[in-house]
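Report on the following structure.
The values are calculated or read from the model by the stated rules, or taken from the named source; none is laboratory data. Quick caveat: nothing in here was measured; it's all calculated off a predicted structure. Glycine gets a Cβ as well: all are built from the backbone with ideal geometry, and neighbour counts include every protein chain shown. Side chains included, ligands, DNA and RNA excluded: accessible areas come from the protein's heavy atoms. Shrake-Rupley method; radii C 1.70, N 1.55, O 1.52, S 1.80 Å.
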Amino acid sequence: MKALTWQGRRDVRVEEVPDPRIEEPTDAIVRITSTAICGSDLHLYEVLGPYLKPGDVLGHEPMGIVEEVGSAVTRLKPGDRVVVPFNIACGDCWMCRRQLYAQCETTQVRSEGKGAALFGYTSLYGSVPGGQAEHLRVPHADFGPIVVPESGPDERWLYLSDVLPTAWQAVKYADTPPGGTLAVFGLGPVGQFCARVGRHLGAGRVIGLDLVPERLELARKHGVEVLDVRELDDVPGALVDLVDGRGPDAVIDAVGMEAHGAPAGKIAQAAAGLLPDRLAQGMIDRAGVDRLTVLHAAVKGVRRGGTVSISGVYGGEQDPMPLMEMFDRGIQLRMGQCHVRRWIDEIMPLLDRDDDPLGVEDLRTHRVPLPRAPEAYEMFQQKRDGCVKVVLEP
């Protein structure tokens, strides 16, 4: 089959790889009909290369049609249309029974000290072949895949794999009081959904911050008040001034480790990328530093006693934080990988509605064939051609 493989820094290629097969009784094989490029895939494209090897199959936002199931899979059958969550969970361990699926104890990558295994996401999370491919082997298919209706375009359901429940969790963690103000840093795919979900769940005012005109315009189209950070000398100060001189009740950081405006962090990440993998891994594991511009602005911009919810991926071990200010102002922090299946029952009724209240069919800007995935990665990273969300079609 054809699959997108990692070959090196900023080097991904579509190659022929062996077809997946049933390896365990709880496996399923899914023929992929749509698979998206996620913002966190760009971390693999640039920063996290030391944890990949040439030939690794990328992608963790797939959906498709079940072609084959293992002998222990009873809730799926060939022909079912399914979305595959990005994290792999058994559904029955101590963590899963508490709906902490991203910490599943059955698939935890204990050798790396990490949580549940993920599709297409480095040796840190199990080196499981990903879904930017024609077919995907799905472990623990007796629990993980989400069966969706046969009707409607793929984009109605595809984002259940990651970005929509990730945004839902971020908003839930932000805990904005009814009628309160929520600010969202970063209006990429997750940030767009955070803003829409925040409005849907009762925030009286949602403010989105970004520096890409197309992203700002898309958020504005969905009723979000937007700030272009290129026009602000003091971003957190502007937020405080804009919201009663005290700041928003909650702030979501939907950017993560590769924020703009952090030259020292960018240099450190680039330096690690130039080292041999073994040395680079040691540097990242013990001394990794993220670009913290957005996180610091979120902490300084939220009101006293407010909440900062982090959905953007961070990977640093030595990140300096303004703890005295955070303690003095009583800031609450919530964060972590999304527990995808935890939120599906709340989200699915909204996707079944004809009026599309979350605008799931108004996110994708580019749909391209899988063979063009390398150029799509480059376009997405460089934010060219109005690119907000790319969906690949195998």
*Options Val226, Val206; residue that is assigned to a strand (DSSP E or B) and surrounded by fewer than 22 Cβ atoms within 10 Å (Cβ to Cβ)*: Val226
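Can you confirm whether segment 59-71 contains a residue that is in a loop (DSSP other than H, G, I, E, B), of a type in the set (A, V, I, L, M) and either closer than 20 Å to Ile32 by Cβ or open to solvent by 10 Å² or more (accessible area, probe 1.4 Å) (or both)?
Residues of segment 59-71 in a loop (DSSP other than H, G, I, E, B): 59-61, 70-71.
Those still in the list that are of a type in the set (A, V, I, L, M) too: none.
No, every residue in segment 59-71 fails to be in a loop (DSSP other than H, G, I, E, B), of a type in the set (A, V, I, L, M) and either closer than 20 Å to Ile32 by Cβ or open to solvent by 10 Å² or more (accessible area, probe 1.4 Å) (or both).
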*Which condition number in (1) surrounded by 22 or more Cβ atoms within 10 Å (Cβ to Cβ); (2) in contact with a Gly (Cβ under 7 Å, 6 or more places away or on another chain) is the one that Gly115 fails?*
(2)
*Within segment 7-56, track down each residue that is in a strand (DSSP E or B), open to solvent by less than 20 Å² (accessible area, probe 1.4 Å) and closer than 28 Å to Gln382 by Cβ.*
Gly8, Val12, Ile32, Ser34, Thr35, Ala36, Ile37
*Confirm whether Arg220 is closer than 14 Å to Ala174 by Cα, modelled with pLDDT of 95 or more, open to solvent by 30 Å² or more (accessible area, probe 1.4 Å) and out of contact with any Pro (no Cβ under 9 Å at 6 or more places or on another chain).*
no
*Which one of the conditions (1) free of Cβ contacts under 8 Å to residues at least 40 places away in the same chain; (2) more than 15 Å from Cys338 (Cα to Cα); (3) among the hydrophobic types (A, V, I, L, M, F, W, C) does Phe143 fail to meet, given that it meets all the rest?*
(1)
*Residues that are within 30 Å of Ala89 (Cβ to Cβ), in a helix (DSSP H, G or I) and open to solvent by 40 Å² or more (accessible area, probe 1.4 Å), drawn from segment 306-342*: Arg341, Arg342
*Does segment 130-137 include one or more residues that are at pLDDT 95 or above and closer than 18 Å to Pro25 by Cβ?*
yes
*Would a scan of segment 149-164 turn up a residue that is touching a residue at least 24 places away in the same chain (Cβ under 8 Å), closer than 26 Å to Glu23 by Cα and surrounded by fewer than 24 Cβ atoms within 10 Å (Cβ to Cβ)?*
no
_Matching residues, segment 225-255, being in contact with a Ser or Thr (Cβ under 6 Å, 6 or more places away or on another chain) and not β-branched (Val, Ile, Thr)_ = Pro248, Asp249, Ala250, Ala254
*Scan segment 146-188 residue by residue and report those that are in a helix (DSSP H, G or I) and either under 18 Å from Val243 (Cβ atoms) or of a type in the set (Val, Ile, Thr) (or both).*
Val163, Thr166, Val171, Ala174
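Among the candidates Lys300, Lys266, which residue alone is in a helix (DSSP H, G or I), at pLDDT 95 or above and either open to solvent by 50 Å² or more (accessible area, probe 1.4 Å) or under 19 Å from Tyr125 (Cα atoms) (or both)?
Lys300
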_Residue among Gly79, Gly115, Gly130 that is without any contact (Cβ under 8 Å) to a residue 60 or more places away in the chain and either within 20 Å of the chain's Cα centre (by Cα) or assigned to a loop (DSSP other than H, G, I, E, B) (or both)_ = Gly79
*open to solvent by less than 60 Å² (accessible area, probe 1.4 Å), without any contact (Cβ under 8 Å) to a residue 40 or more places away in the chain and more than 27 Å from Val212 (Cα to Cα) - does that describe any residue in segment 352-371?*
no
_Evaluation of Pro374 against (1) free of Cβ contacts under 8 Å to residues at least 24 places away in the same chain; (2) under 21 Å from Asp41 (Cα atoms) (one fails), failing number_ = (1)
